[in-house]
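Novice: Before I ask anything, let me first share the structure, which is written out below as structure tokens.
The values are calculated or read from the model by the stated rules, or taken from the named source; none is laboratory data. A quick note: this is a predicted structure, and the numbers were derived from the prediction, not measured. Cβ placement follows ideal geometry from the backbone for every residue including glycine, while neighbour counts extend to all protein chains displayed.
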Amino acid sequence: MLTRLTGLAVATLLAATGTAAMAGPPPAGPPTLGPNVTVFDPGMPVSQIQATLDATHTAQVDNEMGTNRYAFLFKPGTYGTAEQPLQIKVGYYTEIAGLGAAPTDVVIHGKVEVYNRCLADGGTSNCLALVNFWRTLSNLSLTIDPAGQDACRSSANFWAVSQAVSMRRLDISGANLSLMDYCTAGPQYASGGFIADSRLPFVINGSQQQWLTRNSEVAGWSNGVWNQVFAGVTGAPDDAAFPNPPYTTLPTTPLSREKPYLFVDAKGRYQVRVPSAQRNTSGVTWAAGMTPGRTVPLADFYVARPGDSVRTINRQLALGKHLLLTPGVYDVASSIEVRRPNTVVLGIGHATLTAVGGSTPLDVADVPGVVVAGVTIDAGLHESPVLLRVGRKHGAGFSLPGNPTTLSDVYFRVGGPHVGKANIALEVNSDNVLIDHTWVWRGDHGVEGFTDTERWNTNTGRYGAVINGDNVTATGLFVEHFQRYNTVWNGENGTTILYQNELPYDPPTQADWMNGDVEGYAGYKVGDRVKRHTLYGAGVYVFNQNNPSIHTENGFEVPRRPGVTLHHIMTVNLSAGTIDHVVNGVGDPADTTRIGVPVYVSQYP
């Protein structure tokens, strides 16, 4: 995210419930879901719903490094009308989700939007979406109604976002969907996102630098900056002319599993639908009925709130309960241990686990079928060996190809709101694991109080994702700014569909950025002994702002074997530093003579 946040105020304008400015009493949600979850009913006045959402957006629109977390859930029914559309603006750490068994059970007439933020000159300039992180929209139908908006705003539903933002199980109609905001100070950059299991209108990609759309339907698609990937998408653009436009299109997704979701059944009971894994699929899962999978009553979950002890959570998990993490920040001094097969750990409202005392906040055993979804994991003040571990190295566990352990919308952060230290963020040792959308981020900016040079030694993260297991698939792997290899893939038969990486901005000198005698660390490293690996659609970016003279020898480093293949890869210079080659000495330099101009390698070898 090429931007500076110096002087950015962190807004905390509301109480933890986010309802201080709401008209009338707050809508009552299920008491077990806690004070930061608001459940709307279609019988509530639109004005009351609008006031609740507006108040929270006011609090969260600039609250990038804050601790407030919110989930707004809509019971089945229709919200808003042509005369009074419901126009939702989504800020940081906010989840908007329907509670229907299918997306068509909850209909919103209006808009659900994210705009550019203006970060300089009192909020009038430096307007962009490069830091619009951490928000979720899912499981509803949106009939776009621009009533009451100016000519520019009436032209589309704007979703101008960057990493750690997902759109799932949506049915959108009525106007275009734009993944950039071209109304606030004209078109400006956005930096990545993810759509799955959705039926979409015509999509204006515009200035989005990288994007993955998976198992969806799209009426049309325009534009693309560096790296746009489609897997199992009906109506996806053809990629025969790559890199002009820069599309990578797979007709099916080799392995997919949709994220678990809350819904209310016909008797008003809260349930969690846990979709099953699918192979070689395309299109949405809900077109012919309920998404294939199993239904788990919410009563079978331990519903946790911030302040609950890890001992209590682990006891409930050991007794066979699943775990639902309600919105908030959880200080975790010893590991939450997931030991039983088929356990579901579901976070709502961007529930966040923060390491305390060098802990590993989440430790998943080497067993099949575990699903971890909607959870953010933060490094703490003392170095953690790893933030999320799946399986043990050289362990005696077991796995099943048809029932992979799955990580969906699981995000990591080292630094930002406070000092963070971790050796590895995500370590996968188990075989047969699916990583379905993750952002693994060593913060390039924050409110820790350090200069960019000091951050190199205070916010330390050596490796982003280390994959040791065999038969691991990643759909939407975003890893940024780590101090050695951002991603190391040692397992056999690995597959990645869209990889996005920025090398660290902050090495003080070339000596600080050396891998033995080699200048720098590749953004994506496949282990020297690996015989089979496939990568589709990937980019490594460089912005050595502390020392523009720094070089990185290769963006990608892989074994030279026929079974290791890379499709549609690129490097790009964001304005400082140099990547000498794209992969293994192949490809021209990404240097300051071609700022913002990608260097592509269509196929390697």
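Novice: So which residues in the stretch 402-455 are of a type in the set (Phe, Trp, Tyr) and modelled with pLDDT under 95? I'd like the intermediate steps shown before the answer.
Specialist: Looking only at the stretch 402-455, we keep the residues that are of a type in the set (Phe, Trp, Tyr), and these are 411-412, 439, 441, 450.
Residue satisfying the conditions is 450 alone.
Novice: Does the stretch 498-553 hold any residues that are of a type in the set (Asp, Glu) and touching a Gly at 6+ places or on another chain (Cβ under 7 Å), and which are they?
Specialist: 553
Residues are listed down the side, and each one gets a yes or a no for (1) under 24 Å from the mean Cα position of the chain (by Cα); (2) under 22 Å from residue 491 (Cβ atoms):
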residue: 351; (1), (2): yes, no
residue: 361; (1), (2): yes, no
residue: 367; (1), (2): no, yes
residue: 372; (1), (2): yes, yes
residue: 380; (1), (2): yes, no
residue: 385; (1), (2): yes, yes
residue: 392; (1), (2): no, yes
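Novice: Still on this model: Could you please let me know if residue 485 is assigned to a strand (DSSP E or B) and at negative phi? Reasoning before the result, please.
Specialist: Numbers: assigned to a strand (DSSP E or B): no; at negative phi: yes.
So residue 485 fails the test.
Novice: Which residues, taken from the stretch 538-554, are in a loop (DSSP other than H, G, I, E, B) and either of a type in the set (Gly, Ala, Ser) or touching a His at 6+ places or on another chain (Cβ under 6 Å) (or both)? So that I can check it myself, show each step before the final result.
Specialist: As a first pass, look at the stretch 538-554 and keep what is in a loop (DSSP other than H, G, I, E, B): 544-550.
Of everything in the stretch 538-554, just one residue is in a loop (DSSP other than H, G, I, E, B) and either of a type in the set (Gly, Ala, Ser) or touching a His at 6+ places or on another chain (Cβ under 6 Å) (or both), namely 549.
Novice: What number of residues within the stretch 205-241 satisfy the criterion of being more than 18 Å from the chain's Cα centre (by Cα), buried (at least 20 other Cβ atoms within 10 Å of the Cβ) and among the hydrophobic types (A, V, I, L, M, F, W, C)?
Specialist: Total satisfying the criteria: 6.
Novice: What about residue 521, is it part of a loop (DSSP other than H, G, I, E, B), of a type in the set (Ser, Thr, Tyr) and closer than 30 Å to residue 432 by Cα? Let's see the steps before the verdict.
Specialist: Numbers: part of a loop (DSSP other than H, G, I, E, B): yes; of a type in the set (Ser, Thr, Tyr): yes; closer than 30 Å to residue 432 by Cα: yes.
Considered against the rule, which asks whether it is part of a loop (DSSP other than H, G, I, E, B), of a type in the set (Ser, Thr, Tyr) and closer than 30 Å to residue 432 by Cα, residue 521 comes out as yes.
Novice: Still on this structure, I have one more. Tally time: how many residues in the stretch 192-212 are free of Cβ contacts under 8 Å to residues at least 40 places away in the same chain and closer than 17 Å to residue 173 by Cβ?
Specialist: Result for the stretch 192-212: 4.
Residue-wise test of (1) surrounded by fewer than 21 Cβ atoms within 10 Å (Cβ to Cβ); (2) of a type outside the set (D, E, K, R).
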{"residue": "384", "(1), (2)": "no, yes"}
{"residue": "398", "(1), (2)": "yes, yes"}
{"residue": "407", "(1), (2)": "no, yes"}
{"residue": "415", "(1), (2)": "no, yes"}
{"residue": "418", "(1), (2)": "yes, yes"}
{"residue": "426", "(1), (2)": "no, yes"}
{"residue": "432", "(1), (2)": "no, yes"}
{"residue": "436", "(1), (2)": "no, no"}
{"residue": "442", "(1), (2)": "no, no"}
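Novice: Output the number of residues of the stretch 555-578 satisfying the condition of being assigned to a strand (DSSP E or B), under 26 Å from the mean Cα position of the chain (by Cα) and of a type outside the set (Gly, Ala, Ser).
Specialist: 12
Novice: Looking at 330, 270, which is the one that is among the aromatic types (Phe, Trp, Tyr) and over 24 Å from residue 438 (Cβ atoms)? Reasoning before the result, please.
Specialist: Details: 330 fails: over 24 Å from residue 438 (Cβ atoms).
It is 270.
Novice: Among the listed residues 101, 175, 151, 147, identify the single one that is surrounded by fewer than 23 Cβ atoms within 10 Å (Cβ to Cβ), more than 23 Å from the chain's Cα centre (by Cα), farther than 23 Å from residue 82 by Cα and in the same structural domain as residue 235 (by TED's automatic domain parsing). Break it down stepwise before answering.
Specialist: Numbers: 175 fails: farther than 23 Å from residue 82 by Cα; 151 fails: farther than 23 Å from residue 82 by Cα; 147 fails: farther than 23 Å from residue 82 by Cα.
Sole residue among the options that is surrounded by fewer than 23 Cβ atoms within 10 Å (Cβ to Cβ), more than 23 Å from the chain's Cα centre (by Cα), farther than 23 Å from residue 82 by Cα and in the same structural domain as residue 235 (by TED's automatic domain parsing): 101.
Each row is one residue, and each column tells you yes or no for (1) within 18 Å of residue 380 (Cα to Cα); (2) in contact with a Cys (Cβ under 8 Å, 6 or more places away or on another chain); (3) not charged (D, E, K, R).
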position	(1), (2), (3)
446	yes, no, yes
470	no, no, no
492	no, no, no
498	no, no, yes
501	no, no, yes
519	no, no, no
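Novice: Checking the structure you have, find out if any residue of the stretch 551-565 is over 16 Å from residue 526 (Cβ atoms), buried (at least 24 other Cβ atoms within 10 Å of the Cβ) and among the polar types (S, T, N, Q).
Specialist: Within the stretch 551-565, the first condition is being over 16 Å from residue 526 (Cβ atoms), and the residues that meet it are 551-552.
If we keep only those that are buried (at least 24 other Cβ atoms within 10 Å of the Cβ) as well, we get 552.
Keeping just the survivors that are among the polar types (S, T, N, Q) gives 552.
Looking for residues that are over 16 Å from residue 526 (Cβ atoms), buried (at least 24 other Cβ atoms within 10 Å of the Cβ) and among the polar types (S, T, N, Q), one finds at least one in the stretch 551-565, hence yes.
Novice: Does the stretch 204-211 contain at least one residue that is part of a loop (DSSP other than H, G, I, E, B), within 27 Å of residue 291 (Cβ to Cβ) and at pLDDT below 95?
Specialist: The initial filter retains those residues of the stretch 204-211 that are part of a loop (DSSP other than H, G, I, E, B), namely 205-207, 209.
Pick out the ones that are also within 27 Å of residue 291 (Cβ to Cβ) and you get 205.
Now restrict to residues that are at pLDDT below 95: 205.
Yes; the residues of the stretch 204-211 include at least one that is part of a loop (DSSP other than H, G, I, E, B), within 27 Å of residue 291 (Cβ to Cβ) and at pLDDT below 95.
Novice: For the stretch 433-466: of the residues being among the charged types (D, E, K, R) and outside any strand (DSSP E or B), which is farthest from residue 525 (Cα to Cα)? First the steps, then the outcome.
Specialist: Taking the stretch 433-466 first, the residues among the charged types (D, E, K, R) are 436, 442, 444, 448, 452, 454-455, 462.
Those still in the list that are outside any strand (DSSP E or B) too: 444, 448, 452, 454-455.
Working: 444: 21, 448: 30, 452: 26, 454: 27, 455: 24 Å.
Of everything passing the filter in the stretch 433-466, 448 is farthest from residue 525 (Cα to Cα).
Novice: Could you check how many residues of the stretch 300-331 are over 19 Å from residue 67 (Cβ atoms) and either of a type in the set (Phe, Trp, Tyr) or at pLDDT below 95 (or both)?
Specialist: 2
Novice: For the stretch 119-177, name all the residues that are under 30 Å from residue 407 (Cα atoms), part of a strand (DSSP E or B), of a type in the set (A, V, I, L, M, F, W, C) and in contact with a Phe, Trp or Tyr (Cβ under 9 Å, 6 or more places away or on another chain).
Specialist: 128, 137, 140, 158, 165, 167, 177, listed by residue number.
Novice: Only one residue in 521, 600, 541, 604 is touching a residue at least 60 places away in the same chain (Cβ under 8 Å), more than 27 Å from residue 401 (Cβ to Cβ) and crowded, with 18+ Cβ neighbours inside 10 Å. Which one? It would help to see each step written out before you state the result.
Specialist: Values: 521 fails: touching a residue at least 60 places away in the same chain (Cβ under 8 Å); 541 fails: touching a residue at least 60 places away in the same chain (Cβ under 8 Å); 604 fails: touching a residue at least 60 places away in the same chain (Cβ under 8 Å).
Selected residue: 600, the only one of 521, 600, 541, 604 that is touching a residue at least 60 places away in the same chain (Cβ under 8 Å), more than 27 Å from residue 401 (Cβ to Cβ) and crowded, with 18+ Cβ neighbours inside 10 Å.
Novice: Considering only the stretch 222-267, state which residues are among the hydrophobic types (A, V, I, L, M, F, W, C), part of a strand (DSSP E or B) and in contact (Cβ under 8 Å) with a residue 24 or more places away in the chain. Even if it seems obvious, please write down each step before you answer.
Specialist: In the first step, residues of the stretch 222-267 are kept if they are among the hydrophobic types (A, V, I, L, M, F, W, C); the result is 225-226, 229-231, 233, 236, 240-242, 250, 255, 262-264, 266.
Remaining after also requiring part of a strand (DSSP E or B): 229-231, 233, 250, 255, 262-264.
Across the stretch 222-267, the qualifying residues are 229, 231, 233, 250, 255, 262, 263, 264.
Novice: Go through the stretch 99-135 and give me each residue that's of a type in the set (S, T, N, Q) and under 20 Å from residue 191 (Cα atoms). Give the steps one after another, and end with the answer.
Specialist: From the stretch 99-135, those of a type in the set (S, T, N, Q) are 104, 116, 124-126, 132; that's our starting set.
Of everything in the stretch 99-135, those that are of a type in the set (S, T, N, Q) and under 20 Å from residue 191 (Cα atoms) turn out to be 116, 125, 126, 132.
Novice: Here is a follow-up. Please tell me if residue 384 is of a type in the set (Ser, Thr, Tyr), over 20 Å from residue 257 (Cβ atoms) and not assigned by TED's automatic domain parsing to the domain that holds residue 136. Before you say what the answer is, go through the steps one by one.
Specialist: Numbers: of a type in the set (Ser, Thr, Tyr): yes; over 20 Å from residue 257 (Cβ atoms): yes; not assigned by TED's automatic domain parsing to the domain that holds residue 136: yes.
In short, yes.
Novice: Got a sec? Which of 346, 317, 324 is among the aliphatic types (A, V, I, L, M), free of Cβ contacts under 8 Å to residues at least 40 places away in the same chain and in contact with a Phe, Trp or Tyr (Cβ under 9 Å, 6 or more places away or on another chain)?
Specialist: Details: 346 fails: free of Cβ contacts under 8 Å to residues at least 40 places away in the same chain; 324 fails: free of Cβ contacts under 8 Å to residues at least 40 places away in the same chain.
Step by step, each of 346, 317, 324 is checked, and only 317 is among the aliphatic types (A, V, I, L, M), free of Cβ contacts under 8 Å to residues at least 40 places away in the same chain and in contact with a Phe, Trp or Tyr (Cβ under 9 Å, 6 or more places away or on another chain).
Novice: With the requirement that a residue be within 25 Å of residue 352 (Cβ to Cβ) and in a loop (DSSP other than H, G, I, E, B), what does the stretch 178-203 give you? Reasoning before the result, please.
Specialist: Residues of the stretch 178-203 that are within 25 Å of residue 352 (Cβ to Cβ), as a first pass: 190-197.
If the condition is that a residue be within 25 Å of residue 352 (Cβ to Cβ) and in a loop (DSSP other than H, G, I, E, B), then 191, 192, 197 are the ones that fit.
Novice: List the residue pairs whose Cβ atoms are under 7 Å apart, where the first residue sits in the stretch 73-92 and is in the same structural domain as residue 140 (by TED's automatic domain parsing) and surrounded by fewer than 23 Cβ atoms within 10 Å (Cβ to Cβ), the second is modelled with pLDDT under 95 and among the aliphatic types (A, V, I, L, M), and the two are 6 or more positions apart or on different chains.
Specialist: Final answer for the pair search is 82/147; 85/147.
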